[in-house]
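Notes follow once the structure below has been shown.
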């Protein structure tokens with residue numbers, strides 16, 4: 001019988017609170033499971049169980065956050081990106097090659113929100129925009145037809161750049177902020193050398209979390225999140 005250890009961050013914990021804090025500190029520093037395992041002296045399998053449980057709490061925290069709540073007359077950039085294996089030969093277009101489609105909104109000089117979507121249709125993208133962005137705000141996008149008609153929905157300040165004509169910046173019109181987030185996320189995910197589609201959402205929300213709170217102490221913030229809602233490892 002394995003003795004349980006008192007740990008306010010983990011139900012029925014088998015490791016000490018100090019050991020768990022060490023895992024969180026190393027995770028906050030963006031070390032991977034293998035590196036953390038070598039430092040703390042636990043198996044990689046055990047470390048992965050803790051890290052996935054932490055990611056689940058982070059995802060729930062992101063879901064409960066309202067990064068744009070109360071914001072009016074501010075500037076947003078919107079865009080979609082595609083995550084997954086390299087494009088299958090012969091397949092082209094947005095989302096080609098069985099990729100996971102992610103839609104993102106970013107407030108300029110602020111936070112980002114991401115959502116996995118089934119497609120890039122007008123109805124899908126604009127329903128998210130309508131639920132997150134006040135009509136008095138400014139929206140910047142590319143020329144994808146999924147953004148056609150935003151003006152008709154009350155978004156009178158919608159400006160676009162035409163990437164198809166190699167136009168990436170036109171005065172204040174650009175989507176460099178959200179594209180920067182896509183680059184940040186893909187670089188982070190690439191170090192895992194392949195992510196099971198089943199867990200992609202958790203890794204996506206981890207990227208969102210790290211980006212939105214990049215100027216804060218992630219170690220203390222994660223401990224606070226887990227203290228409110230302790231982990232349960234079955």
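Taking region 112-123 as the range and being surrounded by 14 or more Cβ atoms within 10 Å (Cβ to Cβ) and farther than 17 Å from residue 81 by Cβ as the test, only 122 passes.
Tallying residues that are exposed (fewer than 12 other Cβ atoms within 10 Å of the Cβ) and assigned to a loop (DSSP other than H, G, I, E, B) within region 168-191 yields 4.
In the set (1) at pLDDT 95 or above; (2) exposed (fewer than 14 other Cβ atoms within 10 Å of the Cβ), the condition left unmet by residue 194 is number (1).
Could you tell me whether residue 24 is at pLDDT 85 or above, buried (at least 19 other Cβ atoms within 10 Å of the Cβ) and outside the structural domain of residue 220 (by TED's automatic domain parsing)?
No; evaluated as a whole, the condition is false for this residue.
Between 17, 75, which is farther than 29 Å from residue 197 by Cβ and touching a strand residue (DSSP E or B) at 6+ places or on another chain (Cβ under 6 Å)? Don't jump to the end; show me each part of the working.
Values: 17 fails: touching a strand residue (DSSP E or B) at 6+ places or on another chain (Cβ under 6 Å).
None of the others qualify; the one that does is 75.
Of all the numbered requirements in (1) at pLDDT below 95; (2) touching a helix residue (DSSP H, G or I) at 6+ places or on another chain (Cβ under 9 Å); (3) over 19 Å from residue 112 (Cα atoms); (4) surrounded by 13 or more Cβ atoms within 10 Å (Cβ to Cβ), residue 142 misses one, and that requirement is (3).
Mind telling me which of the residues 37, 16, 64, 43 ends up being out of contact with any helix residue (DSSP H, G or I) (no Cβ under 7 Å at 6 or more places or on another chain) and either over 19 Å from residue 206 (Cβ atoms) or crowded, with 19+ Cβ neighbours inside 10 Å (or both)? The unique qualifying residue is 16.
Taking the criterion of being surrounded by fewer than 18 Cβ atoms within 10 Å (Cβ to Cβ) and either under 14 Å from the mean Cα position of the chain (by Cα) or assigned to a loop (DSSP other than H, G, I, E, B) (or both), the residues of region 203-223 that qualify are 210, 211, 213, 214, 215, 216, 217.
The values are calculated or read from the model by the stated rules, or taken from the named source; none is laboratory data. Remember, predicted model here, so these are calculated numbers, not experimental data. Cβ coordinates were reconstructed from backbone atoms using ideal geometry, including for glycine residues, and neighbour counts include every protein chain displayed.
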